[in-house]
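Heads up: the structure comes next, in structure tokens.
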Amino acid sequence: MKLFGSFDGGNPDLLHDCLYSGWRAFLTVALGFTGIPRFLAQWVGSLGLSPNMLLVTLSIFFVVLGCFLEGISIVVLTTAVIQPIIEQAGIDRIWFGIFIVIVVEMAQITPPVGFNLFVIQGLTGYNIQYVARATLPFFILLLAAVIIISVFPEIVTYLPEQMSRR
């Protein structure tokens, strides 16, 4: 067939990346229709956790979702359900926005199927195990950032508070 013949001599990594991106898009739509992320977020909210345990649980929840979904999909599929839980726990929404960005970025480099691992693999040509090991220091740095902003939330909220005083 002419269609499949057009891939001869082409870049096999490009084909792999296209198929992988298509699979991610399909998985995002499928999980959105099934409501699994919404159900899991509601389940986390029903546990009645303290604010700190809620953040730890949500961190684990987002990292696990990051193995299957891309970052924006995680945020879009879960934020509407998690926001009331966060507000009820007394967690600042601006602080939580920064928190979720950092945690979702952690999720994107989490093996075995962190989306950014495949991007790095495609750019460098190294195998996925090497790429996963090489990104471990960045995962640790992001984890340290989450711990720092959790212990010192003023790092995140200082500037917005100063701006709202005007």
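Among the chymotrypsin sites (Phe, Trp or Tyr not before Pro) found in the stretch 95-130, those both in a DSSP coil and sparsely packed, with 15 or fewer other Cβ atoms within 10 Å of their Cβ, are 126. Only Lys, Arg, Asp and Glu carry charge here, each on its Cβ (+1 for the first two, -1 for the last two); on that basis the stretch 44-166 has a dipole of about 100 debye about its Cα centre. Residue separation of residue 165 and residue 42 scaled by 0.36 nm, minus their Cα-Cα distance, works out to 40.8 nm of gained length. Remark: 57, 124 ranked as 124, 57, counting other beta-carbon atoms within 10 Å and listing the fewest first. By the beta-carbon count within 10 Å of each Cβ, the least crowded to most crowded order of 70, 161, fewest first, is 161, 70.
Given their separation in residues at 0.36 nm each and the Cα-Cα distance between them, residue 151 and residue 49 gain 34.9 nm when the chain is fully extended. Place a label point 7 angstrom from the Cα of residue 57 along the Cα-to-Cβ direction, then list the residues of the stretch 74-112 whose backbone nitrogen is under 12 Å away. Under cut-off, by backbone N: 85-86, 89. Measuring r between the beta carbons of residue 158 and residue 138 and using R0 = 25 Å, the FRET efficiency lands at 0.50.
No value in this document is a laboratory result; all are computed from the given coordinates. What you see is a predicted model; the values in this text were computed from it and never measured. Note that each Cβ is placed from the backbone with ideal geometry, even for glycine, and that neighbours are counted across all protein chains shown.
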